[in-house]
Structures are given as C-alpha cells and as structure tokens.
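Encoded as structure tokens, the structure appears first; notes follow it.
The values are calculated or read from the model by the stated rules, or taken from the named source; none is laboratory data. Here the structure is a predicted model, which is why all the values come from computation and not from measurement. Cβ: placed from backbone, ideal geometry, glycine included. Neighbour counts: every protein chain shown.
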C-alpha cells in the first residue's frame with residue numbers, strides 16, 4: 001500500500017464523510033485519547049450535508065462528492081494539511097436545474113406524477129481522466145403511495161400500506177426509464193461547465209448503488225459502445241418485486 005493512500009467512506013444513516021490516511025495521526029483538535037494514533041478514521045465535518053456519492057479524480061488528486069438531494073457538487077483535497085474543500089459552481093446552470101432535467105417541453109416522462117424519481121451518479125473515466133454525471137429517470141415503488149382518486153369510482157384507487165397485506169403485488173415495482181449523461185468540463189478548481197451528451201462515443205458506463213465508472217470500448221471491445229450497464233439499487237429488499245432502479 002502506498003504511503004499516500006487515502007480511503008474515504010460514507011457512514012451512518014446521517015450519511016457523513018470520513019477518511020483514513022496511512023501514517024496519519026489525528027489532528028490536535030480531536031479527542032486527547034486518540035492523539036498520535038496512526039491510521040485513525042477522521043470525520044469530515046459538514047453538519048448540514050448528506051452525502052450520496054464519492055469518486056476520486058486521479059488527474060486532479062481530488063475527491064468529488066454529491067450531497068443534499070444531489071444539488072451540491074463538492075471537491076475535497078485530502079492530501080493537503082489543512083484539508084481543502086471546494087464548492088463547485090456550474091457556469092452552465094445545468095446543475096442548478098438538474099432536478100427538472102430534461103426541460104418540460106422536451107420531457108416525455110411524467111415527472112409531475114407521484115411515482116417518478118431521479119437518481120444521480122458520479123462516474124469517472126480513469127483512462128481519459130474525465131468526470132461525468134449520470135442522471136437516471138425511473139419509477140419508484142408504490143409502497144407509500146395512494147393510487148387513483150379516493151371517494152370516486154376510479155378503478156385504480158388503492159392504498160398500499162405494508163407488504164404482507166398487499167392483495168396485488170403486480171402494482172409494486174420500480175424500474176429505470178432512461179438516462180441523461182453530462183460531461184463535467186473543468187474551468188478551474190471551483191468552476192465547471194456541464195455539457196449534455198447526446199452521444200458518448202467509444203465509452204461504456206457502469207452505474208450502480210455504490211461506485212460508477214466508465215470504460216473504453218476500444219480497450220474492451222466486448223462492451224457495446226455508447227451503452228450504460230446498470231444494476232438494481234434495491235437488491236437488498238426483503239421482498240423482490242422485480243425491476244431495476
């Protein structure tokens with residue numbers, strides 16, 4: 001293991017960040033009992049942030065994170081002392097409106113409906129040292145939703161409250177509908193410009209609950225160019241109703 005190796009993790013239900021660096025001791029402002037103990041986990045204090053994604057940019061030597069319902073993109077320099085954090089600003093304004101992408105007049109999806117959901121993934125191409133944001137559109141499960149219009153003759157009206165009492169499990173599903181891919185073009189450390197890609201060429205994206213990454217289909221010809229390979233993020237559910245969100 002390299003002496004400058006760093007491990008970063010998201011922990012607890014509060015989804016906070018912590019990291020561990022080889023041969024590092026805890027900082028002076030930490031608990032006295034832990035002083036001078038190498039390889040300790042050190043929390044990154046962001047009390048109002050909930051982190052969902054982490055990716056390491058090997059070219060910039062920075063860790064990029066997505067937090068707070070996907071609206072905040074940050075970069076962390078954990079090699080420096082003190083640690084540096086950059087709040088990334090998107091000059092294209094796409095990040096600001098990402099929860100409403102694509103624009104309503106271009107959007108065939110019913111994202112006003114109660115079942116529509118989005119998920120954001122950070123994907124990194126280690127070969128070309130490029131960062132991408134993958135936006136996944138899908139339908140969420142209906143465990144906590146009322147379908148149809150109450151007190152009417154709506155044949156679709158039904159309230160689902162708990163799995164064991166479900167009469168028709170066919171209405172419980174989650175699935176992915178489509179994707180949008182954005183390339184992160186770097187201006188400088190705190191400033192980027194997102195670019196929506198209609199075609200991502202000789203690349204294949206792998207998207208999942210944890211780490212997402214990009215491979216070259218030139219280097220791996222068995223992969224299909226311009227494709228996104230994705231996994232079911234709800235694979236740990238006790239009840240498997242199928243789907244792949």
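When the residues of region 159-174 are narrowed to those that are in a loop (DSSP other than H, G, I, E, B) and in contact with a strand residue (DSSP E or B) (Cβ under 9 Å, 6 or more places away or on another chain), which ends up modelled with the lowest pLDDT?
160
Among the residues of region 56-81, what is the count of those that are under 17 Å from residue 5 (Cα atoms) and surrounded by fewer than 20 Cβ atoms within 10 Å (Cβ to Cβ)?
10
Does at least one position in region 93-100 carry a residue that is buried (at least 17 other Cβ atoms within 10 Å of the Cβ), at pLDDT 80 or above and outside any loop (DSSP other than H, G, I, E, B)?
Checked region 93-100: no residue is buried (at least 17 other Cβ atoms within 10 Å of the Cβ), at pLDDT 80 or above and outside any loop (DSSP other than H, G, I, E, B).
Checking the conditions here, which among 88, 83 is at pLDDT 85 or above and farther than 21 Å from residue 134 by Cα?
Answer to the check: 83.
Among the residues of region 52-87, count how many are outside any strand (DSSP E or B) and farther than 23 Å from residue 209 by Cβ.
Final tally of qualifying residues: 9.
This table checks each residue for (1) part of a strand (DSSP E or B); (2) touching a strand residue (DSSP E or B) at 6+ places or on another chain (Cβ under 7 Å); (3) over 17 Å from residue 73 (Cα atoms).
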residue	(1), (2), (3)
176	yes, yes, yes
181	yes, yes, no
184	yes, yes, no
194	yes, yes, no
200	no, yes, yes
205	yes, yes, yes
209	no, no, yes
215	yes, yes, yes
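Quick grid of which residues meet (1) surrounded by fewer than 17 Cβ atoms within 10 Å (Cβ to Cβ); (2) on the phi > 0 side of the Ramachandran plot; (3) at pLDDT 75 or above:
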position: 194; (1), (2), (3): no, no, yes
position: 205; (1), (2), (3): no, no, yes
position: 208; (1), (2), (3): yes, no, yes
position: 213; (1), (2), (3): no, no, yes
position: 230; (1), (2), (3): no, no, yes
position: 233; (1), (2), (3): no, no, no
position: 245; (1), (2), (3): no, no, no
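Which one of these does residue 56 not meet: (1) at pLDDT below 90; (2) in the same structural domain as residue 4 (by TED's automatic domain parsing)?
That leaves (1) as the condition not met.
Within region 8-39, how many residues are at pLDDT 75 or above, surrounded by 17 or more Cβ atoms within 10 Å (Cβ to Cβ) and closer than 17 Å to residue 83 by Cα?
Here the count works out to 5.
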